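To start, the structure itself, in structure tokens.
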Amino acid sequence: MPAINRDRLQSLMESEQKKFINERPKSKALFGRACKSLLGGVPMNWMSKWAGAFPPFVREAHGAEFFDVDGHRYVDLCLGDTGAMTGHSPSETVLGAQQQLARGITLMLPGEDAVWVGEELQKRFGLAYWQFALSATDANRFSIRLARQITGRNKILVFNWCYHGSVDETLITLEDGVPKPRRGNVGPPVDPSVTTKVIEFNDVDALAKALEPGDVACVLAEPAMTNVGIVHPDPGYHQHLRELTRRYGTLLIIDETHTICAGPGGYTRAENLDPDFLIFGKPIGGGVPGATYGFSQEIADAIAARQNLEDCDVGGVGGTLAGNALSLAAMRATLGNVLTQAAFDRMIALAQSWTAGVEQAIAEFEVPWHVTRLGCRAEYLFSRERPRNGSQAHHAMDFELERFMHLYAMNRGILLTPFHNMALMSPATTQEHVDRHTRVFREALTALIA
Ligand SMILES: Cc1ncc(COP(=O)(O)O)c(C=O)c1O
């Protein structure tokens, strides 16, 4: 098994960085200008994380491709970290949004689109009632608040190395078995161990132990972890999760924001889950900001029984622009025409092909890595063993190697998600795009190992 030679990796990284800078004079100039008005030269702090010396500045994006200002064409396998899983600007979403843009953007009043979307979400996910937010983060936060109010308990439970957006309670990890604020947690309002229990995914005993005292309002979980590489649940794990949450009176929030990649009804429908709340954000409106949270009839009754009409606009579940007409028109167009079963069938087949290409190269070059897939999302990780929990997955990460793989790909017109080695297929992705990635992945391995 060839080990990765770190000196070689560093010198390859240097030459890739030179190539990146030399080939992108216009992005470089824009970045120089941006540094004078935007903190770190970027509009959002995580945009600094791209592997190049600066991010490629985008001229335009269509379908599964985009062009930077220097004229380079990229196959986009990042797709806005799922925000553009629909492909960029799908024509049906653009049409629906354009029509609504001309008819009123936000009113604080409902229209027929809201009803259509609620009915469609009911059909897809099987939950009775729906509400809207502007981001999946907010949909998670609102669901947590409601779960606390209904149960009268103040703790929540999450899995180690989860990510559910910038929700204060979730920015917690286990360090040698002790809950600590997650590394990089900016100004936590309280130590998150006050609000949150954190355990490893797939550990049924730890779950039972954490829920038994009866102080946990809700478990917030991705049905398969997707934010530390992909970690699948063990067979039967979800039955245990549901059984234990019911036994101890804890509500179950399933966050489908990424696992919607499993199909039109997400992992929940694909695997017959029965959550109390379900979250779906990012691609629901084809990238137009919006998110939703749904809940069962029982939860709806419990919310209604506690609702206070006079104060319902200031109770911590809100957002002036949430449920706005533009978001809902974009959701209707996207759910009705873009994220369809037929589209998922194509996308999943492409992800299978992407996975097979990477798997074959890993075997041929004998690197101790593996590749995993969930629906139309696939990802390689730098360990031979498939992780069963967040700690194992996190342990397999290799920041230096990851940056090299990303920069090498970017220099050859392929964009992977900056946070890990994830590739997502959209309805506009083609076999040619997948084959191009396989070719470039093999070239990167040749450079690293030959
Ligand atoms: C599973 C999951 N839930 C929620 C979020 C938060 O989404 P947003 O940043 O759009 O609020 C993310 C973001 O990556 C996510 O991965």
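The values are calculated or read from the model by the stated rules, or taken from the named source; none is laboratory data. What you are looking at is a predicted structure, and each value in this text was computed from that prediction instead of being measured. Counting neighbours? That spans all protein chains shown, and the Cβs are built from the backbone with ideal geometry, glycine included. Heavy atoms of the whole protein, side chains included, go into the accessibility calculation; ligands, DNA and RNA do not. Shrake-Rupley method; radii C 1.70, N 1.55, O 1.52, S 1.80 Å.
Tabulated data for the structure shown
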{"read-out": "For segment 15-69: accessible area per residue (Å², 1.4 Å)", "value": "60 Å²"}
{"read-out": "C-alpha long axis of helix 112-125 to longest principal axis of the chain, angle in °", "value": "80 degrees"}
{"read-out": "Computed over segment 112-177, Kirkwood Rh from alpha-carbon pairs, angstrom", "value": "14.1 Å"}
{"read-out": "Semi-axis lengths (Å, descending) of the ellipsoid that matches the C-alpha gyration tensor of segment 240-319", "value": "24, 21, 9"}
{"read-out": "Taking the convex hull of Cα positions in the chain, its mean projected area over all directions (nm²)", "value": "21.7 nm²"}
{"read-out": "Computed over segment 168-305, Kirkwood Rh from alpha-carbon pairs, angstrom", "value": "16.2 Å"}
{"read-out": "If the convex hull is drawn through the Cα atoms of segment 37-128, its volume per residue in Å³", "value": "189 Å³"}
{"read-out": "Theoretical ellipticity at 222 nm over the chain - DSSP helices of four or more residues, -39500 (n - 2.57) apiece, nearest 500", "value": "-12500 deg cm²/dmol"}
{"read-out": "Coordinate range along principal axes, alpha carbons of segment 1-65, Å, largest first", "value": "45, 31, 23"}
{"read-out": "Listed pairs LYS26/LYS282; LYS180/LYS209; LYS36/LYS180; LYS18/LYS49; LYS26/LYS49; LYS209/LYS282 exceeding 24 Å between Cα atoms", "value": "LYS26/LYS282; LYS36/LYS180; LYS209/LYS282"}
{"read-out": "Solvent exposure of segment 386-450 as accessible area per residue, Å², 1.4 Å probe", "value": "34 Å²"}
{"read-out": "Whole-number Å³ per residue for the convex hull built on Cα positions in segment 56-211", "value": "206 Å³"}
{"read-out": "Gyration tensor (alpha-carbon) shape descriptor, segment 311-404, a/c threshold 1.5", "value": "oblate"}
{"read-out": "Total formal charge among the other residues, if their Cβ is under 14 angstrom from that of LEU350, Lys/Arg +1 and Asp/Glu -1", "value": "0"}
{"read-out": "Rounded percent of accessible protein surface that carbon and sulfur make up, the chain, 1.4 Å probe", "value": "53 percent"}
{"read-out": "Residue-normalised accessible area of segment 179-263, given per residue in Å² at a 1.4 Å probe", "value": "38 Å²"}
